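Novice: The structure follows.
The values are calculated or read from the model by the stated rules, or taken from the named source; none is laboratory data. As the structure is a computational prediction, the values presented were derived from the model and not from experiment. Methodologically, a virtual Cβ is constructed for each residue, glycine included, from the backbone with ideal geometry; neighbour enumeration extends over all protein chains shown. Heads up: the accessible areas ignore ligands, DNA and RNA and are worked out on the full protein's heavy atoms, side chains in. Shrake-Rupley method; radii C 1.70, N 1.55, O 1.52, S 1.80 Å.
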Amino acid sequence: MPDAAPRLLIALYGPTSAGKTGVSIDLGLRIRDELGLEPMVVSADSRQVYRYMDIGTSKTTPEEMRGIPHTMIDVTEPVRKLELETFVAEARQHMDGCWASGGVPMIVGGTSVYVRSLLEGWEVDAVAEARNAIRRDFPRSMAEDAYAVLGRLDPKAAGKIHANNYDAIVNALAHAMGNDPDRASTSVAARPVVLGVDRPAADIDRRVAATYDEQVRRGLRDEVLGLDERYDVLAQYRRLGQKSPNQVVHTHGYTEWFDVALDRGKPVDSLGEADLAEVRERVVERIRVHTRRQRSAIPKLTGVKMVRGAADAFAAVKAALEARPVKQAPSGKQGSGGQRPRRSSGNNRPRQGKRGPRR
């Protein structure tokens with residue numbers, strides 16, 4: 001390796017249950033052991049930022065981290081949504097500190113807006129102002145109107161978002177209205193390595209179901225009951241419905257427990273065997289649908305390279321270190337390319353953690 005290695009920014013994106021966690025840990029260990037660089041994972045999971053939601057979000061345990069530092073986990077309580085600008089500001093601080101010490105930040109997660117905002121240097125302060133204005137002009141009851149406006153301003157972004165996903169519509173509109181490419185963050189120049197992890201749909205569907213069953217075995221019911229007791233989730237949900245600010249009821253794997261409890265007219269702790277079977281069916285189906293949306297975002301990542309495991313990922317990192325410097329791409333985007341990724345065969349699966357398939 002050259003004496004003055006370029007600053008790297010690694011992003012590892014893929015759908016739930018694709019195996020990102022195993023690949024990221026193994027990749028981080030190889031970067032540390034073989035390149036002598038200190039990796040740091042920046043979690044780009046919009047659910048793992050919340051405290052007390054551990055089992056249901058498949059948070060990486062300290063044992064599974066194997067000494068690789070992880071940030072942007074347990075950032076705040078789930079009493080209200082963590083806005084994008086707050087996430088980006090804190091994540092950038094961690095990334096800057098990692099670079100300053102000669103390390104390598106690794107953005108890992110399945111929330112594409114988190115990944116892209118850090119890769120592309122979004123001007124999030126302006127986006128925040130736009131989001132507040134959009135929410136005033138287009139409340140949740142006017143999601144259809146907001147989606148129509150997004151379709152006119154940014155048809156490509158609209159094509160990546162479900163018409164009923166209000167929060168995603170608002171974020172995309174705010175980005176389209178408030179993100180000036182010329183004002184994109186350029187405080188730190190880094191060479192991006194954008195990696196995609198995927199599996200065949202049938203494989204992911206199977207792993208989603210297996211993950212949920214393992215979560216239940218590990219104590220998901222007690223975690224849900226603890227959240228209900230801590231935040232009075234069911235009572236608030238009954239009163240406010242989808243307007244409830246508590247993110248527990250906006251997170252797959254949790255909200256279904258409260259939906260079934262309301263449908264049955266029971267407290268969560270009184271759900272019986274048949275009720276819990278209904279919860280499982282809803283959770284698995286909703287997460288499977290969610291993975292399809294996540295997968296559709298992969299080709300939109302600039303310069304993404306599909307990998308089947310840590311060996312492929314490490315080869316891409318080494319190639320980036322050895323490559324000649326490239327000119328920064330326009331519009332605040334780093335890297336080059338944009339080719340469509342090849343579909344992973346699902347072979348050479350990464351190591352599984354102690355608690356079964358990863359979400």
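Novice: Mind checking the full-extension length gain between R7 and D96? Use 0.36 nm per residue of separation minus the Cα-Cα distance, one decimal, nm.
Specialist: On the way: separation 89, 0.36 × 89 = 32.04 nm, distance 1.07 nm.
Stretched fully, the R7-D96 segment lengthens by 31.0 nm.
Novice: Grab the Cα-Cα distance for T76 and R140, subtract it from 0.36 nm times how many residues apart they are, and report the gain in nm with one decimal. Present the calculation step by step, with values, prior to reporting the outcome.
Specialist: Working: separation 64, 0.36 × 64 = 23.04 nm, distance 2.39 nm.
So the extension gain works out to 20.7 nm.
Novice: Out of the total accessible area of region 86-206 (probe 1.4 Å, heavy atoms of protein only), what percent is carbon and sulfur?
Specialist: Values: 2600 of 5260 Å².
The C+S portion of the solvent-accessible surface of region 86-206 is 49 percent.
Novice: Between A89 and A274, what FRET efficiency follows from the Cβ-Cβ distance if R0 is 56 Å, with the result rounded to 0.05? Provide the component values of the computation, followed by the final result.
Specialist: Details: r = 46 Å, r/R0 = 0.82.
Efficiency, rounded to the nearest 0.05: 0.75.
Novice: Further question on the same structure: At a Förster radius of 56 Å, what calculated FRET efficiency corresponds to the Cβ-Cβ distance of R286 and A323, to the nearest 0.05?
Specialist: Numbers: r = 41 Å, r/R0 = 0.73.
Taking R0 as 56 Å, the efficiency between R286 and A323 is 0.85.
Novice: What FRET efficiency, computed as 1/(1 + (r/R0)^6) with R0 = 41 Å and r the Cβ-Cβ distance, is obtained for A148 and R264, rounded to the nearest 0.05? It would help to have the intermediate numbers written out before the result.
Specialist: Numbers: r = 37 Å, r/R0 = 0.90.
Given R0 = 41 Å and the Cβ-Cβ separation, E is 0.65.
Novice: Taking the 0 to 90 degree range and rounding to the nearest ten, how far is the long axis of helix 20-35 tilted relative to the main principal axis of the chain, both from C-alpha atoms?
Specialist: Relative to the chain, helix 20-35 is tipped by roughly 30 degrees.
Novice: Could you work out the Kirkwood radius for the chain, taking every pair of different alpha carbons, averaging 1/r and inverting it, reported in Å?
Specialist: Here the Kirkwood hydrodynamic radius works out to 21.2 Å.
Novice: Could you pull the accessible area for E38 with a 1.4 Å probe, rounded to 10 Å²?
Specialist: Number for this one is 100 Å².
Novice: Can I ask one more? Please get the size of the charge dipole for region 1-62, origin at its Cα centre, with Cβ charges of +1 on Lys and Arg and -1 on Asp and Glu, quoted in debye to the nearest 20.
Specialist: Roughly 280 debye, rounded to the nearest 20.
Novice: Once ligands and nucleic acids are excluded and a 1.4 Å probe is used, how much of T16 is accessible, expressed in Å² to the nearest 10?
Specialist: Number for this one is 10 Å².
Novice: I would also like to ask the following. Suppose only helical runs count, i.e. DSSP H with n ≥ 4. What mean residue ellipticity at 222 nm does that imply for the chain under -39500 (n - 2.57) per run, divided by all residues and rounded to the nearest 500 deg cm²/dmol?
Specialist: Details: 14 runs with 173 residues, N = 359.
That calculation yields -15000 deg cm²/dmol at 222 nm.
Novice: Could you give the nm distance between label points at R66 and A163, where each point is 7 Å from its Cα heading toward the beta carbon?
Specialist: Here the modelled spin labels are 4.6 nm apart.
Novice: Let me ask another. Using packing as a proxy for protection, rank 170-177, 214-221 so that the peptide with the highest average count of other Cβ atoms within 10 Å comes first.
Specialist: 170-177, 214-221
Novice: Around Q242, what is the net charge, scoring Lys/Arg as +1 and Asp/Glu as -1 over all other residues with Cβ under 13 Å from its Cβ?
Specialist: Working: positive: K81, R140, R238, R239, K243; negative: D167, D259.
It works out to a net charge of +3.
Novice: Ordering F138, F314 by accessible area with a probe of 1.4 Å, largest first, what comes out? Could the numbers behind the result be given before it?
Specialist: Numbers: F138 45, F314 10 Å².
Accessible-area ranking of F138, F314, largest first: F138, F314.
Novice: Work out from phi, with θ = phi - 60° and the Karplus expression 6.51 cos²θ - 1.76 cosθ + 1.60, the ³J(HN,Hα) of each residue of region 262-271, listed in order in whole Hz, and give x for Gly and Pro.
Specialist: 3J(HN,Hα) across region 262-271, in whole Hz: 5, 4, 8, x, 10, x, 4, 6, 9, 5.
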